């Protein structure tokens, strides 16, 4: 009996995927049907087995040419209805008018294989060519930005932070011009929906309230079906998106993540991290740090993110006003933001410090900590990870922590307060350390780590991406042999810049 050719078997399996496209059932004004533009001689750059598992794709099939062609845009799988969606948005606080999927094409959706209750996950190609919404762009993504998005999507998922997922990156030797000529790539990302705040703004500012209602109904039916039973479902939708956004940004702050471009067209109605461009993880702590070299005014600096999140929710509330009814009703929904953010961040900070109870003056302890981190520019990730090693009755255990500070006396003073607080709840060192290590990662996607993987990939050595992904998939584990991935950035990393073209 002959064994089926593996490539033919993969092609058959991929062709049988139950792809559908609910978004294509919306009225034609919501999108343009758009075939991806093929790339010459595509090849596989990176894959995520974890993301593939979500939609029932076997890792073995991801090595096939059929997979590469399908997720580069060189072939279209049966059942797929490729399209580019229209939306608008505020960019850096200024109304930018119509935008849309300028380099992203929605292929369709697959049933989530391990979700309960089951739902569908949309698959979108980023960098698959020009669309009617590309404006002056070429519709392409470059290898470096695609690798960064791929790695950060999967890193954030492993950290437990809501995010789009990244199935794969494919590359081609075809070049496009950025600051310099660069090779092209396509990243395949997945989410239950790619509807943005700007999707609602588009219809509001074009005075098309019927389309606004259709979009809201689509989001409710697809993502929030329980809200259909609410007496005021549109107000409930606005409140739920507001809460989720607040919680998401609290999670960003707690892990030191900076998005870099929190425009309303980059904000998801699911409350998930969307559109990884000039992102960064905090290293030497500076509350005013700006990770986006393009952000000359510092609108999206680390300490600005919570307020910008609220601003964006107000922009969404304005867009949903015709559905919600009265201004007071919109304000009532938006009032969910501050308590959701405060409660989430407070809970996360208690966990990060190993505190199991809540005391009246805990906020002062937190504020004092961030003040000394700021004054000594202490590495964010390393400090919180090493804090778990502090022994309640042994100040000598603090030496490694003290060495992170320029002002060691300031740390000593704070550590005295911290120990006093720990004694209030009879904290036990071993148990506290174990809890803290479950919430304070040892490994995050530092810019220099991404750059090292990119440098190799630009020589067609993709092993660095795979190794780094394997580390980032287990950020809370010690991982003997991989400790160098937790090293402080080398001197050359100070010159790395990421911008909106990244």
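The values are calculated or read from the model by the stated rules, or taken from the named source; none is laboratory data. Source: prediction; values computed, not measured. Counting neighbours? That spans all protein chains shown, and the Cβs are built from the backbone with ideal geometry, glycine included.
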For the condition in contact with a strand residue (DSSP E or B) (Cβ under 8 Å, 6 or more places away or on another chain), assigned by TED's automatic domain parsing to the domain that holds residue 125, assigned to a loop (DSSP other than H, G, I, E, B) and surrounded by 15 or more Cβ atoms within 10 Å (Cβ to Cβ), what is the one hit in 68, 57? 57
The listed residue being more than 22 Å from residue 122 (Cβ to Cβ) and surrounded by fewer than 20 Cβ atoms within 10 Å (Cβ to Cβ), out of 225, 233: 233
Test set (1) modelled with pLDDT of 95 or more; (2) farther than 17 Å from residue 169 by Cβ; (3) in a loop (DSSP other than H, G, I, E, B) - residue 488 fails condition number: (1)
Considering only the stretch 352-369, state which residues are surrounded by fewer than 16 Cβ atoms within 10 Å (Cβ to Cβ) and either outside any helix (DSSP H, G or I) or within 25 Å of the chain's Cα centre (by Cα) (or both). 356, 357, 358, 359, 360, 361
Exception for residue 97 within (1) over 23 Å from residue 154 (Cα atoms); (2) touching a strand residue (DSSP E or B) at 6+ places or on another chain (Cβ under 9 Å); (3) buried (at least 19 other Cβ atoms within 10 Å of the Cβ) falls at (3)
Taking the stretch 286-299 on its own, how many of its residues are in a loop (DSSP other than H, G, I, E, B) and surrounded by 22 or more Cβ atoms within 10 Å (Cβ to Cβ)? 1
Given (1) in contact (Cβ under 8 Å) with a residue 24 or more places away in the chain; (2) within 22 Å of the chain's Cα centre (by Cα), residue 452 misses just (1)
Are any residues in the stretch 75-85 farther than 14 Å from residue 20 by Cβ and surrounded by 21 or more Cβ atoms within 10 Å (Cβ to Cβ), and if so, which ones? 84, 85
Report yes if some residue within the stretch 450-462 is over 30 Å from residue 174 (Cβ atoms) and either assigned to a helix (DSSP H, G or I) or not assigned by TED's automatic domain parsing to the domain that holds residue 150 (or both); otherwise report no. no
Is it the case, given these coordinates, that residue 277 is touching a strand residue (DSSP E or B) at 6+ places or on another chain (Cβ under 8 Å), at pLDDT below 95 and outside the structural domain of residue 142 (by TED's automatic domain parsing)? yes
Among the residues in the stretch 396-408, are any in contact with a helix residue (DSSP H, G or I) (Cβ under 8 Å, 6 or more places away or on another chain) and modelled with pLDDT under 95? yes
Flag if residue 147 is within 20 Å of residue 266 (Cα to Cα), in the same structural domain as residue 42 (by TED's automatic domain parsing), in contact with a strand residue (DSSP E or B) (Cβ under 7 Å, 6 or more places away or on another chain) and surrounded by fewer than 21 Cβ atoms within 10 Å (Cβ to Cβ): no
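Looking at 27, 40 in this structure, which one is under 30 Å from residue 460 (Cα atoms), surrounded by fewer than 17 Cβ atoms within 10 Å (Cβ to Cβ), assigned by TED's automatic domain parsing to the domain that holds residue 104 and modelled with pLDDT of 95 or more?
40
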Within the stretch 168-216, how many residues are under 25 Å from the mean Cα position of the chain (by Cα) and under 21 Å from residue 322 (Cα atoms)? 10
Name the residue that is farthest from residue 171 (Cα to Cα), counting only residues in the stretch 185-229 that are part of a loop (DSSP other than H, G, I, E, B) and in contact with a helix residue (DSSP H, G or I) (Cβ under 7 Å, 6 or more places away or on another chain). 224
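Is there a residue being in a helix (DSSP H, G or I), in contact with a strand residue (DSSP E or B) (Cβ under 8 Å, 6 or more places away or on another chain), closer than 19 Å to residue 266 by Cα and modelled with pLDDT of 95 or more anywhere in the stretch 156-164?
Taking the stretch 156-164 and keeping what is in a helix (DSSP H, G or I), we get 156-159.
Still in the list and also in contact with a strand residue (DSSP E or B) (Cβ under 8 Å, 6 or more places away or on another chain): 156-157.
Those left that are additionally closer than 19 Å to residue 266 by Cα: 156-157.
With modelled with pLDDT of 95 or more added as a condition, the list becomes 156-157.
Yes, the conditions are met somewhere in the stretch 156-164.
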